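To start, the structure itself, in C-alpha cells.
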Amino acid sequence: MWWWIGGGVVGAIVIVAALIALVDVLRRRGELTRAQVSAYVILILVVPVVGAILYGLFGRQGAGRPAG
C-alpha cells in the first residue's frame, strides 16, 4: 500500500535532477558545441537518471572549467 510514496519521491528526484542538468546545458550553449548540446539534451531526455549523472560527471568538465 505504501509503495507509491517511494516511487513518487524517487520520480520527483529524477525529474529535478534532469531539469537541473537541462537548464545547465542550455545556459552553457556558448561554451559547448552544437553537437555537444544536442547530445547532452537527447541523453538527458531519453535516459534521465543516467543522462543527468553522466552530464554531471563528464559534461561540466568539457567546457574549460576545472572538474569538481
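Out of GLY68, GLY30, one residue alone is out of contact with any strand residue (DSSP E or B) (no Cβ under 7 Å at 6 or more places or on another chain), surrounded by fewer than 13 Cβ atoms within 10 Å (Cβ to Cβ) and at pLDDT below 80. It is GLY68.
I'm trying to understand the selection: among the residues of the range 23-47, which are under 14 Å from LEU57 (Cα atoms) and among the hydrophobic types (A, V, I, L, M, F, W, C)? Answer for the range 23-47, where residues must be under 14 Å from LEU57 (Cα atoms) and among the hydrophobic types (A, V, I, L, M, F, W, C): VAL25, LEU43, ILE44. Can you find a residue that is more than 9 Å from the chain's Cα centre (by Cα), at pLDDT below 75 and among the polar types (S, T, N, Q) anywhere in the range 39-61? Yes - at least one qualifying residue is present in the range 39-61.
Filtered by the rule that a residue be in a loop (DSSP other than H, G, I, E, B) and within 8 Å of the chain's Cα centre (by Cα), the range 17-34 gives no residues.
The values are calculated or read from the model by the stated rules, or taken from the named source; none is laboratory data. Keep in mind the model is a prediction, meaning the values are calculated, not measured. Positions of Cβ are generated from backbone atoms using ideal geometry, with glycine treated the same way; all protein chains shown enter the neighbour counts.
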